[in-house]
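Everything below concerns the one structure shown next.
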Amino acid sequence: MERLVAAVLAAGVLQVLLATADDHYLLSRIAFGPCANQNAPQPIWDAINKFDPQVFIWLGDNIYGDIRRPFNFLVKERTIGPWKNAPRFIPSSSSEMLSRYNSAKNVPGYLRLRAKAKVVGTWDDHDYGLNDAGKELSAKTTNQRLLLDFLDEPQDSPRRKQDGVYTSYTFGPPGKQVKIVLLDTRYHRDPLSSDGSVLGDSQWSWLGKELRGPPSAITIIGSSIQVISNLSGTTGPLFYMESWGRFPKERDCLFKLINDSKRDGVFFISGDVHFGEITRYDCAAGYPLYDITSSGLIQAVEKVLPSPLRFIVRFLAWFTPSTMRVKNQNCRYRSCTYGEPNFGAIQIDWDASPVNLKIQVRDINGLPVTGVDISLSELQAWNRTIKAGQDQRHCTLEVKLPWIVRYRLAILVYSVLALLLLALVGLICAVTLACRVCLRKRKTD
């Protein structure tokens with residue numbers, strides 16, 4: 001207990017010191033991640049602490065604050081199927097949200113991290129208050145206060161007075177500055193099927209000022225949902241995931257803003273989807289835009305299946321077309337995705353010439369599962385290395401793929417289901433025929 005108290009006090013002192021020293025703090029190691037279920041064991045903090053980040057960035061679902069009801073399809077309140085008449089997720093009370101935040105904040109591994117690193121962050125849907133929710137959520141003002149308390153945000157912070165939790169930080173001396181921009185993709189977001197706004201007018205205005213402001217060597221834009229990848233374009237109609245690609249007009253505005261701002265050194269980090277991957281788009285700005293997705297610290301897509309069956313998830317990840325995913329020798333699996341618990345790690349070598357970025361998704365043991373090494377000169381419009389006709393797979397949006405390619409996952413799944421149905425019908429027919437033969441034989445006997 002004494003160690004925990006000491007860690008909490010040290011974390012508070014460190015946050016104050018770093019908050020006043022951002023301008024002079026040379027940043028070379030950053031970790032990030034989302035999706036940390038407060039009720040589950042969290043061994044991944046050991047690997048994060050071993051990486052020894054100077055800054056850790058929460059990317060949302062920092063707790064799971066809503067209530068998930070079980071799948072029901074044979075009772076009065078059905079939460080699944082075409083006959084669904086009740087929501088699968090419902091909000092919890094503010095007192096329950098606070099209790100879950102307190103549990104998350106006192107995880108021993110996270111306490112050790114807070115004692116030595118600056119912790120910043122934004123939210124996603126489950127800590128916002130409800131799965132897939134947007135601006136319609138009535139509890140968003142209260143939940144904003146709870147998140148900012150969890151992040152130890154100062155009481156006089158502008159974030160406590162504005163609508164939404166978006167913010168930015170700048171670290172390092174002139175010439176070696178790292179700017180971290182954290183977006184709020186919940187507070188102002190229109191319904192998913194609307195192609196409306198993700199950020200809202202006030203946040204768009206703020207973001208424009210941030211990107212057109214004083215230059216920095218590196219600008220990291222943190223979004224709780226994926227920016228580059230739009231897997232819903234290839235996984236539908238089986239299932240859909242949240243991403244900027246579901247709001248194509250907004251994503252185009254984001255790319256245009258980056259391009260018009262003439263800001264070099266920009267890349268994205270994101271979470272939400274419960275697997276890790278690195279994606280890239282070459283036709284938005286004057287240089288490639290990367291999106292490093294780490295998801296999640298605890299929640300991960302392969303954990304829904306027993307170990308012997310996890311190869312199915314890996315096969316489906318490989319089979320699903322993705323025009324933006326970076327595939328190279330750094331990938332552990334052929335799909336270049338990773339569906340077990342993971343975190344993101346960014347290392348900046350300021351002594352290299354030109355400056356080098358090593359960005360990785362790492363597993364629970366701290367080992368890389370996918371990654372890229374990027375020279376900072378590659379993220380500058382004047383030194384554009386992508387030529388017309390080169391590497392077109394990173395310029396073709398998923399929704400522009402030929403339909404036979406775009407929907408091959410759905411075609412495969414429906415074909416397998418059809419074959420299984422035919423096999424079941426065949427089995428029923430065979431059993432029926434066998435029973436008739438037996439009955440006839442008995443009558444004959």
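The values are calculated or read from the model by the stated rules, or taken from the named source; none is laboratory data. What you are looking at is a predicted structure, and each value in this text was computed from that prediction instead of being measured. Reconstructed Cβ throughout: ideal geometry from the backbone, glycine too, with neighbour counts over all protein chains shown. What goes into the accessible areas is simple: the full protein's heavy atoms, side chains included, and nothing from ligands, DNA or RNA. Shrake-Rupley method; radii C 1.70, N 1.55, O 1.52, S 1.80 Å.
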field: Test: residue in region 260-274 that is among the hydroxyl-bearing types (Ser, Thr, Tyr), assigned by the TED database to the domain that holds Ala36 and crowded, with 20+ Cβ neighbours inside 10 Å
entry: yes
statement: Reported set for region 54-82 where residues are of a type in the set (Val, Ile, Thr) and loosely packed, with under 11 Cβ neighbours inside 10 Å is Val75
Test set (1) surrounded by fewer than 16 Cβ atoms within 10 Å (Cβ to Cβ); (2) at pLDDT 95 or above; (3) under 24 Å from His126 (Cα atoms); (4) out of contact with any Phe, Trp or Tyr (no Cβ under 9 Å at 6 or more places or on another chain) - Glu153 fails condition number: (1)
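Return the residues of region 107-141 that are of a type outside the set (A, V, I, L, M), in a loop (DSSP other than H, G, I, E, B) and open to solvent by less than 20 Å² (accessible area, probe 1.4 Å); say none if nothing qualifies.
Filtering region 107-141 down to residues of a type outside the set (A, V, I, L, M) leaves 108-110, 112, 114, 116, 118, 121-129, 131-132, 134-136, 138, 140-141.
From the residues that got through so far, the ones that are in a loop (DSSP other than H, G, I, E, B) too are 116, 123-124, 129, 131-132, 134-136, 138.
Across region 107-141, the qualifying residues are Trp123, Asp124, Gly129, Gly134.
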- prompt: Which residues, taken from region 1-53, are over 21 Å from the mean Cα position of the chain (by Cα), within 19 Å of Ile269 (Cβ to Cβ) and either open to solvent by less than 20 Å² (accessible area, probe 1.4 Å) or modelled with pLDDT of 95 or more (or both)?
  reply: Leu27, Ser28, Asp52
- prompt: Just one of the numbered conditions (1) within 17 Å of Ser270 (Cα to Cα); (2) modelled with pLDDT of 95 or more; (3) surrounded by fewer than 23 Cβ atoms within 10 Å (Cβ to Cβ); (4) of a type outside the set (Phe, Trp, Tyr) is not true of Lys161; which one?
  reply: (1)
statement: By residue number, the members of region 301-347 that are touching a residue at least 40 places away in the same chain (Cβ under 8 Å) and either in a helix (DSSP H, G or I) or aliphatic (A, V, I, L, M) (or both) are Leu316, Ala317, Phe319, Met324, Val326, Ala345, Ile346
Pro341 vs. criteria surrounded by fewer than 22 Cβ atoms within 10 Å (Cβ to Cβ), in the same structural domain as Val178 (by the TED database) and either out of contact with any strand residue (DSSP E or B) (no Cβ under 6 Å at 6 or more places or on another chain) or more than 24 Å from Arg251 (Cβ to Cβ) (or both): no
- prompt: Can you tell me which residues in region 212-237 are closer than 23 Å to Cys35 by Cα and of a type in the set (A, V, I, L, M)?
  reply: Ile220, Ile221, Ile225, Val227, Ile228, Leu231
task: Give me the pairs, please: first residue somewhere in region 79-90 and over 19 Å from Tyr64 (Cβ atoms) and assigned by the TED database to the domain that holds Leu130, second residue anywhere and modelled with pLDDT of 80 or more and β-branched (Val, Ile, Thr), beta-carbon distance under 9 Å, and either six or more positions apart or on two chains.
output: Asn85/Thr79; Ala86/Thr79
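Can you pull out every residue in region 263-285 that is in a loop (DSSP other than H, G, I, E, B) and within 19 Å of Val355 (Cα to Cα)? Full working, then the answer.
So the first thing to find is which residues in region 263-285 are in a loop (DSSP other than H, G, I, E, B), and the list is 263-265, 271-275, 282-285.
Hits for region 263-285 are Arg263, Asp264, Gly265.
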- prompt: Do we find a residue being surrounded by 15 or more Cβ atoms within 10 Å (Cβ to Cβ), among the basic types (Lys, Arg) and within 23 Å of Leu401 (Cβ to Cβ) anywhere in region 310-325?
  reply: yes
